[in-house]
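Please read the structure below before turning to the comments.
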Amino acid sequence: MFDSHIHLDQLDSNQIDRIVRDPLLQSVLAVSTDLASAERLLALKRVFPKIQMAAGFHPEQTLIDDKQQQTLFDWIVKNRANLTAIGEVGLPHYLKRQNPKLDYRPYLALLEQFVALSKRLNLPLNLHIVHDDVAIMLDLLEKYQIQHAHFHWFKTDDDSFERFLRIPYFASVTPDILWNPKTQKIAKKLPLDR
């Protein structure tokens, strides 16, 4: 078994130990939320070989300034050999729901920088993208000719789903598959090898 998206750095040491020592688990992709998160994951990765890691900036938080962004990008480049992916990156679904007037432009600009970095470093993306934002993300992936991406929380409309299927991206769904008809519909149509 492989866990394709876990915020391992947010767990306590007993929980981490239990997860990474589970004999059924071959590996985990631990995604970061910011630079401090990435640094903690790298320290954990050095102790536990089962951990693969992604470095990025989770979009459901206040944006960091340009200098902090550059520091994070530099850290990612410097630690490229330790990374399996760039992530978790994306667009702020919940922040936008809380504040419909949220200025999306800086979030889009940051996301595009991560996509460009993904291309430059030849690393796949672990994406926090749902609903209408999937079309925006597919446009960015196409623009940069990104072939490897994982939509970890996949929910979208039929048109974007059809676009998604034309390129071999990966997707996973959340536990709401148990009660949400829209998620169930997507899961039924999603190929098991994707």
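What follows draws every value from the coordinates through simple rules; no lab data is involved. The structure displayed is predicted, hence computed values, not measured ones. Every residue, glycine among them, receives a Cβ derived from its backbone with ideal geometry; neighbour counts consider all protein chains shown.
Miscellaneous remarks
- Candidate set from segment 42-81 (those that are more than 26 Å from PRO106 (Cα to Cα) and touching a strand residue (DSSP E or B) at 6+ places or on another chain (Cβ under 6 Å)); member that is surrounded by the fewest Cβ atoms within 10 Å (Cβ to Cβ): LYS50
- Among the residues of segment 95-116, those identified as more than 21 Å from LYS143 (Cβ to Cβ) and of a type in the set (Lys, Arg) are LYS96, ARG97, LYS101.
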